[in-house]
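The values are calculated or read from the model by the stated rules, or taken from the named source; none is laboratory data. Bear in mind the structure is a predicted one, so any value in this text is a computation, not a measurement. Here the Cβ is made from the backbone with ideal geometry for all residues, glycine too, and neighbour counts use every protein chain on show. Ligands, DNA and RNA are stripped out before the accessible areas are found, and what is left, the full protein with its side chains, is counted by its heavy atoms. Shrake-Rupley method; radii C 1.70, N 1.55, O 1.52, S 1.80 Å.
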Amino acid sequence: MTLYNLAWELWEKFKLDGNMEVLEQAITYNQEALQLRKPGHPDRSITLSNQDTYLWEKFKLDGDIEVLEQAITYSREALELCSKRHRNRPLRLSNLGTNLRSRYEVKGSMEDLEEAIALRRENLELHPPGHRDRVEYLGDLASDLETKFRVADTIEDLEEAISLYRKALDLCPPRHPSRMTYINKMSSCLRARPTKQAIIQGGQPVNDNYPSVVDPQHPEVHGDHEQQSGASVDAPNPQTTVGMTEETQRNIPSHVMEVIRDVIYDTLTTMPPRLLDTHTGRICDKTVHISRVESSLKYQELLVSIASYDGAQDTKHIREVVSTCFQCKFATLSHRWGRDEPILADIRGRSIYDSNILETEGLRKLRMFCRTVAKNGYPWGWSDTCCINKTNSVELQQAIGTMFLWYRMSAMTIVHLGDIPDAAPAGALVRSVWFKRGWTLQELLAPRRMQFYTQDWSLYLDR
């Protein structure tokens, strides 16, 4: 077996068990194969591309910027070896664009973002209307243009992003895995327009067929609905506001309704898409959280008081109360990925506390994290292992760009030091492998409160 083939076999094994050591072996063997396949070798391009893929996966797991820099070098050379008509050019364009976008997220260089946009445009040209993969490249370009607008305030980029998201939605049938992501992102762009009526264009509604993100119980959500046992969520009319009966809605002034929609939208769009219920051990999406808020006494009292109030509405009070209702107290996990970490597909629709789930090192860590969060009095937990759908490239990119905010929003961050024993001296923390991760700096700076735990989950430090 050649070094190249051995690296590929290890890569396939890594995709099954998620073992970081296996991935690092694949990188090592493929690097040796690359050294043998000098410039001019017919297989150098594919070997470069594979090395880029392996390194990108490693970067996603540990956030090491040096690994990303290597991936960019290999993906750039692989693209240069592909002619304009080469069948693998779209993949090479996509890989380099994704790498540059990731480096922009870390370093903030507009040059990286501009180059990524140029690569996305070329890729879109290679996938004309009617091509089965066009929707993916529409979404990639729209996402980068939206990011540029939010940084540079370039309205033309925002308008183009809206147009591209609309085209992507036209190609996404109901229950398409990316449809709700595009709906939410287009809604976000519409609201970012520099006008009070963000959904109006030329005096006409902008495609009323697309529900707003403030209607997360719309039937289209149900395709990816991780509903916990005992929580019933009915789908209201898309024109009604979450949590309100039609009768109640009719009795509430329109400007107050707008305030409520704005607060719900602002709160939900900054939350992680999924959280772990620390008591039931189930993954829950935003609709479950909304369902619980709807049934809360405080929220129902607010709706009744608004509907029965005859005077001028105190919008500041309404905003404060609605925001308080929808705020979600959750804790985040900071750790170094280990063996057999459970991903979303492993626990979707199941409880991590179920005895019939194969117990792995990663599952034990997740269980202890949830129990520790619950012990601290918080009902929700977030882990990068299972709360992100990593098979959805749009969601993954969005998560990487928003992760700092999630750690900042969290009530606390639980740090698991997997290599620090219970009896470790006070100075052992700085020698932990946790400090060697690329994500460590942001996870140190972002949280408001942190607790550090040893490998056996004894409290080591509370700050």
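Net charge dipole, segment 327-463: roughly 360 debye, given to the nearest 20, about the Cα centre with Cβ charges of +1 for Lys and Arg and -1 for Asp and Glu.
Taking Cα centre as origin and charging only the Cβ of basic (Lys, Arg, +1) and acidic (Asp, Glu, -1) residues, the dipole magnitude of segment 393-461 rounds to 260 debye.
Spherically averaged projected area of the convex hull of Cα atoms, segment 395-455: 4.6 nm². Under the criterion of Cα pairs below 8 Å and six or more residues apart, the relative contact order for segment 348-431 equals 15 percent. Ranked from largest to smallest solvent-accessible area, with a 1.4 Å probe on the protein heavy atoms, 136, 77 come out as 136, 77. Only lysines eight or more places from residue 375 in sequence, or on another chain, were considered; those with a Cα closer than 22 Å are 329, 365. Segment 76-135 and segment 266-295 have Cα centres separated by 35 Å. When the accessible area of segment 324-376 is computed with all protein chains present and a 1.4 Å probe, what percentage of it is carbon and sulfur? In segment 324-376, the share of accessible area belonging to carbon and sulfur is 45 percent. Net charge around residue 384, counting only other residues with Cβ within less than 13 Å of its Cβ (Lys, Arg = +1; Asp, Glu = -1)? Here the count lands on +2.
To the nearest Å, what is the center-to-center distance of segment 380-444 and segment 21-46, using C-alpha atoms only? Using only Cα atoms to place each centre, the spacing works out to 31 Å. Within segment 15-174, the ratio Rg/Rh, alpha carbon atoms throughout and Rh by Kirkwood, equals 1.00. Ordered from highest to lowest accessible area with the whole protein assembly present and a 1.4 Å probe, 290, 155 read as 155, 290.
Ranked by the mean number of other Cβ atoms within 10 Å of their residues, highest first, the peptides 51-57, 280-286, 138-144 come out as 138-144, 51-57, 280-286.
Over segment 75-165, what number does the Rg to Rh ratio reach, with both radii from the alpha-carbon atoms and Rh per Kirkwood? The partial results should precede the final answer.
Numbers: Rg = 13.0 Å, Rh = 13.4 Å.
So for segment 75-165, dividing Rg by the Kirkwood Rh gives 0.98.
Straight-line reach from residue 107: taking Cα to Cα under 22 Å and skipping same-chain neighbours fewer than 8 places apart, the lysines in range are 58, 60, 148, 436.
Here the translational diffusion coefficient of segment 321-392 follows from Stokes-Einstein with Rh set to the Kirkwood radius across Cα pairs; for 20 °C and 1.002 mPa s it amounts to 160 µm²/s. Here residue 14 sits with roughly 10 square angstrom of accessible surface, probe radius 1.4 Å.
The label-point distance for residue 320 and residue 65, in a model that sets each label 7 Å from Cα toward Cβ, rounds to 4.1 nm. Taking other residues whose beta carbon is less than 15 angstrom from the beta carbon of residue 445, and scoring Lys, Arg as +1 and Asp, Glu as -1, yields +4. Each of 433, 446, 417 was placed along the dipole of segment 403-463 (beta-carbon charges, centred on the mean Cα), and the one lying farthest toward the positive end is 446.
The heavy atoms of residue 133 offer some 60 square angstrom of accessible surface to a 1.4 angstrom probe.
Shown here for segment 73-120: trypsin sites (Lys or Arg not before Pro) in loop regions (DSSP other than H, G, I, E, B) with at most 14 other Cβ atoms within 10 Å, namely 84, 85, 87. Couplings for segment 2-18, taken from phi via the Karplus curve 6.51 cos²θ - 1.76 cosθ + 1.60 with θ = phi - 60°, read 6, 4, 4, 5, 5, 4, 5, 4, 5, 4, 4, 5, 4, 5, 7, 10, x Hz in order; Gly and Pro are left as x. Think of segment 61-195 as a dipole: +1 on every Lys or Arg Cβ, -1 on every Asp or Glu Cβ, centred on the Cα centre; then among 70, 164, 151, 164 lies furthest on the positive end. Restricting the calculation to Cα atoms, segment 372-420 yields a radius of gyration followed by a Dmax of 12.7, 36 Å.
In the assembled protein chains, residue 368 presents an accessible area of approximately 60 Å² (probe radius 1.4 Å).
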